[in-house]
1. Roughly how far apart, in whole Å, are the Cα centres of the range D:1-72 and the range A:168-232?
2. Defining a contact as two alpha carbons under 8 Å apart and six or more residues distant in sequence, what relative contact order in percent does the range D:9-97 show?
3. Per-residue ellipticity at 222 nm for the protein assembly as shown, helices alone: DSSP H runs ≥ 4 residues times -39500 (n - 2.57), over residue total, nearest 500 deg cm²/dmol?
4. May I ask for the distance between the Cα centers of the range B:327-388 and the range C:9-43, given as a whole number of Å?
5. Need the full-extension length gain, residue B:568 to residue B:617, defined as separation in residues times 0.36 nm minus the C-alpha distance. One decimal, nm.
6. Using only the alpha carbon atoms of the range B:109-173, find the Kirkwood hydrodynamic radius as the inverse mean reciprocal pair distance, in angstroms to one decimal.
7. Starting from the 7 Å offset along Cα-to-Cβ, what nm value, one decimal, do you get for the label separation of residue B:69 and residue A:69?
8. Please work out the Cα convex hull volume for chain D and give it in Å³ per residue.
């Protein structure tokens, strides 16, 4: 009856659940990290009262948000108003689903832990499983598709809450996302071309190994350095982070598309934003920084490398936010269309040339 | 790595074309010459490799696909380069002589401003690149790139001094006339693709080889005639030779490189490249032979009376090209190419020599204002003399061997009349060349009337090269500067020894190595075909040895006779020449007027076209028919719309509805009633 | 499993499209249409065409629909204006509407009938070719056999872009 | 899941037919240019579905390529169409197609 419940299934479910919670914790952690780093950069302490080193600050924030009252403008569009945050959060989670964060493994190392085998009789899975919530062999397309859906949450929030600030914020952010999606996608495309595969796992595995024994064969380092730059810039714009954080440009339009939101629905937006950051960072790691490949660590511990890289990229993000001033909106658009997009196209063409004539 | 050969000059072009204005003369010259020299070295290496290759099916060749160029449906054209004996000879000539002429130009063009200087060299490099593509291309389209490219460069270089209207016009003329030829070439290409479904020379040859020779006028004849039209355009044969003499408006080195040594031989090369194809169209071959012969004679006669030193040389070029086509026509492909190769040397030499003369005379080009330069320009004189002897076909110089080869093949292949004409032309060649020599270098200096500064200025206007006033020069003459002198000497040596790769077999058995070397290029790949050219079917030695010897003597005699006549008229008794000219005034005027071909074309083609365009096409067709139709249509429409307007409610929905009703009806018809 | 999914997606698609047409708020129409696109892309996946599914989401839902959203937001025409008797009478705006609706119903019936009379053709279920190679094939055919069409479309897009800018520009030259 | 009937090619085709009909109905019934454009999108998608389904049935990829082209055309159409809509709206504060019946004003 329950024959379909195999250790593989259990482990896979475990991985999914783990990924889910890891994301939420990461979001919470990011909030803390952001405030700490901000403090560092601005030479102040940042949170330090709640818990040791203020570690419990995010928890406190969450509690506070939960206990707040749900407000909804009278003229708002009921359904959409509540749909919007859910949409963005869902999109954020879904995008991460197809990102692999470790090499396939059969968890035989679990069996090495004392007592595990003796207690459960577990000696490792019959066949290795992927370290990803879902391993789709057109993963990149899926990620791209879902990121392009992410914009709806913002737009709807802007429109549904029926306030001029929100509307402007929504319009801005959607315009911005659409504009930068092109460069984003083109950066993807050049990587796809080089790897000749749409499966993120294969792309990562193609980046194993070293040149001259010490330069890792990561696309982000040599062949796709510019692709990496373009991707990062576009990614920052995609996630509406400073210096591209127009949707919630406080000085100009209160809080942008989530001006009218409060309590949990606001929290959802917040969550979505940080998870998107994580996703972008994770994808960058997989596509450009060789994912879980790295020196010193055995294959089955590769995920540690993965997390280290993601962490570094996230740090870079926050660093950017607290050091760079915000662009002007027209500058942003001009940059996106007149510089980033052409650069991406050229990068794509050059890559294509190399792939065809040098057969990379 | 064949592609490096054209790529190097191209690189030179890019450099000079982009940064030229900022580069000093030395640098841009170094770039250009260096590029050519490297390319020459590389070609030499390539040829060396070719020579040490094992013949595959009797053919040695290196071919490489640079990249796949056009892939569309059944048409698949890789950008393929192929080096075979024929191409080998050509690239050596192009890069070798090209390098020398680049070197020469560094001195010759030195009065130009930096920008102009760089522009000149960029064009020259570009030309070399295209020419190399032309000869290396393994298929018609690739060859066509070069074909058009050299046309463009020749246009640019003829019109190099575009501020001078005559130069600009000459450039345009060259371009337009070439267009006519290219049109034929393109048509030929299309026909070939339609017939053989391929444009690769090898494949075409292989397919043709399976066909029988075309005894009656048929498809092959048509194709080859079209191609030949292209050839006449490029290589200045009747009826399209008119542009070449005017092309002398360009700088002299350009005339030497493009309009004597390399580009104008493209047509000859093209025929050689398609030897199998032409070999299967005897009628075309006859046409080629006849046209070549007639051109040779005609140009020779014109050259006899021209007074512009460069024009004489230009006509001699045309006539020599005529020779080559004659050779092609009688199936002596190897002979033709051989002559092309020797001709490249001595004609380049002659042009450069004349360039040196013009240089020394601050742009004076009129023979009547020269003379007595022997003492002042010794190097120029001696080298020029060698060149003249070579072209005149004096034995033991390169010209003799190649020309004699052609004559011999012509005779053997049974075209006795053509042979006669050819010999006559040889005689004429000797005559006009020595006339030139005597007028320029012997006798005493005949300054242009009132050869003062202002007169110099006037020469300046018509001058071939922008030699500044160079104040203080007066009439003191300086011989060629070192860069030019070296080149002249080298070319002189070349024109002496170049012929010895093709010593007739009767003198030295197996001495005609170049022919043996070239032969494979003129056969269908894999030796499928029977030997195509008459050149190949060597009559038994015993029978023809004596004949060949005697013919050799005849041509030699012709050469010396020509020299003798020239000596008589222009050295010992100059007045006699004028006397003859006066006596046969009509003929003389006819020749001076170059048979009035230009005027003829103008009257029969240009003017009529103009008139027709204005009268019939514009006033009649355009204004009358077309506009009339349009207006009529307009009226009809207006009439109908007055009626149909009723149906125009202006509501999109209504339109959509009717449209959709139609859809539903049609679908219904198919679904239900059938 | 496939079967079940198919019916679910089909139902979603139909209901969503019905609502797109059925209710008056354009904003909601847009969103419902996106929903139906989602269902369609699900169907594409079932049909073993993940590439199409992906671009369906990326291009249609991700780009084109956002454009619609924009316009709806810009014009902020919350719901369509009621039919003004004036127009109705003058152009018979109402007549074509009813007729058209009837006609479309007719078309549906016709097609339905036609397909009923067709003998049923079973689809090989489960994807017959791994999608990655499918994408590869698509790419090859697209740039070889359909190269010209591809170029033509690119030109079309360009023209559309220019036209859109010219049309939507406020100051008229 | 044996109680669910396997979808056949016909079921896909019928589905797309229904969608198409809905789209056309929308074009006629709605009094709002934007919604009309949306209905056209519905029709296009119905067609796309047919292409992909038949494609699968024949085991080729040409249909998918045509779908690709349809999408590009749809994009172009949406861009121009919406631009026109905006321009129209600027003239009379209305999106009712019946409001625009004269070629020039």
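1. Taking the Cα centre of each part, the range D:1-72 and the range A:168-232 sit 34 Å apart.
2. 31 percent
3. Calculated mean residue ellipticity at 222 nm is -22000 deg cm²/dmol.
4. The two parts, judged by their Cα centres, are 85 Å apart.
5. Difference between extended and current length: 12.0 nm.
6. 12.5 Å
7. Inter-label distance under the simple model: 7.9 nm.
8. It is 125 Å³ per residue.
Coordinate-derived values only; no laboratory data. Here the structure is a predicted model, which is why all the values come from computation and not from measurement. Cβ atoms come from the backbone with ideal geometry, glycine included; neighbour counts cover every protein chain shown.
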